[in-house]
1. Given the condition within 30 Å of Phe85 (Cβ to Cβ), of a type in the set (A, V, I, L, M, F, W, C) and under 20 Å from the mean Cα position of the chain (by Cα), answer yes or no: does some residue in the stretch 209-221 qualify?
2. Those residues that are more than 15 Å from the chain's Cα centre (by Cα) and free of Cβ contacts under 8 Å to residues at least 24 places away in the same chain, I need them from the stretch 274-294; list them, please.
3. Looking only at residues in the stretch 186-198 that are within 22 Å of the chain's Cα centre (by Cα) and under 20 Å from Val9 (Cβ atoms), which one is surrounded by the most Cβ atoms within 10 Å (Cβ to Cβ)?
4. Quick test of your reading of the structure: Met59 fulfils all but one of (1) hydrophobic (A, V, I, L, M, F, W, C); (2) in contact (Cβ under 8 Å) with a residue 24 or more places away in the chain; (3) open to solvent by 70 Å² or more (accessible area, probe 1.4 Å). Name the failing condition by number.
5. Where in the stretch 75-189 are the helices (runs of 4 or more DSSP H), entirely inside, with at least 1 residues that are over 30 Å from Ala216 (Cβ atoms)?
6. Give me a count of the residues in the stretch 257-272 that are in a helix (DSSP H, G or I), in contact with a helix residue (DSSP H, G or I) (Cβ under 9 Å, 6 or more places away or on another chain) and either modelled with pLDDT of 85 or more or open to solvent by 20 Å² or more (accessible area, probe 1.4 Å) (or both).
Amino acid sequence: MAHGNFTRVTEFILTGVSERPDLQIPLFFVFLVIYGLTVTGNLSIITLTSVDSRLQTPMYFFLRHLAIVNLGNSTVIAPKMLINFLVKKHTTSYYECAIQLGGFLVFIVAEVLVLAVMAYDRYVAICNPLLYMAVVSRRICFLLVSLTYLYGFSTSIVTSFSVFSMAYCSLNVINHFYCDIVPLLALSCSDTSFPETVVFISASTNLMFSITVVVASYFNIILSILRIRSSEGRKRAFSTCASHMTAVSVFYGTLLFMYLQPRNNHSLETDKMASVFYTLVIPMLNPMIYSLRNKDVKAALKRFLTNSCC
């Protein structure tokens, strides 16, 4: 499309979660509470797994980085979102929008991979316990996490560049509460086939790899648990991966609901609600899931509070 007569976009306007004026203040307090709980919960997990000597294992090392990713993902989105509830003009500059999209992609891709790494960790711990410390050594842990962040950063650079290499002319109203790929490409006045292809290949590859690792790991975990003769042994083995199974189910359940729904039922409003869940609600829920279902974390929290009060 020719766009010589159009004014090039220098800023975007975010419509937000809702455009109703009477809902702005109530929604501000709702999401302020959600973000507050997210920060408190994830910082608690990061602190406990860093300072408590009994939580210096590969499982809690990966849990710490899941908390870092969750906190980063939520922080990229929530502060700007909260400000927009209180101001009349929901604008964001072109470069601010690009940085927000890039940050979001870094953390969401990293989360997908960290969940896969955590599933593999539980597979080795339950199916090959004698080799656990050799297979999932400290060096391997650092390597896996480093590759996760590096891959997330690389994916973010490539995808963000492909999206913002498009021309954006007169239309600048993003029907979302943050700068996301689909509503951004809907505004472009040039051919979007290249970034759409990049996004599709990247998203499908990342999801298929992660889901394959998670499903294969838990398939073998379940088989191993069923071979354990004592009910107490089965219960103990299952409890070591119950929290991660819950977190994985919630995360992938949301993504599958979003991407596998029929085309005629698909809408940007539905995308918005799903996005609220996996960018803000899940990062809040994960610390609760791992704290409430994990005796070690609860015990570490008690020790930390006791030592802090003394």
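The values are calculated or read from the model by the stated rules, or taken from the named source; none is laboratory data. Please read these numbers as outputs of a predicted model, since none were measured by experiment. Note: ideal-geometry Cβ built from the backbone for every residue, glycine included; neighbour counts use all protein chains shown. Calculation scope for accessible area: heavy atoms of the full protein, side chains included, ligands and nucleic acids excluded. Shrake-Rupley method; radii C 1.70, N 1.55, O 1.52, S 1.80 Å.
1. No: the stretch 209-221 contains no residue that is within 30 Å of Phe85 (Cβ to Cβ), of a type in the set (A, V, I, L, M, F, W, C) and under 20 Å from the mean Cα position of the chain (by Cα).
2. Answer for the stretch 274-294, where residues must be more than 15 Å from the chain's Cα centre (by Cα) and free of Cβ contacts under 8 Å to residues at least 24 places away in the same chain: just Leu292.
3. Restricting to residues being within 22 Å of the chain's Cα centre (by Cα) and under 20 Å from Val9 (Cβ atoms), the top hit is Pro195.
4. Only one criterion in (1) hydrophobic (A, V, I, L, M, F, W, C); (2) in contact (Cβ under 8 Å) with a residue 24 or more places away in the chain; (3) open to solvent by 70 Å² or more (accessible area, probe 1.4 Å) is unmet by Met59, namely (3).
5. On the way: elements: 94-127, 132-135, 138-164, 181-185.
Filter on the stretch 75-189 gives 94-127, 138-164, 181-185.
6. 4
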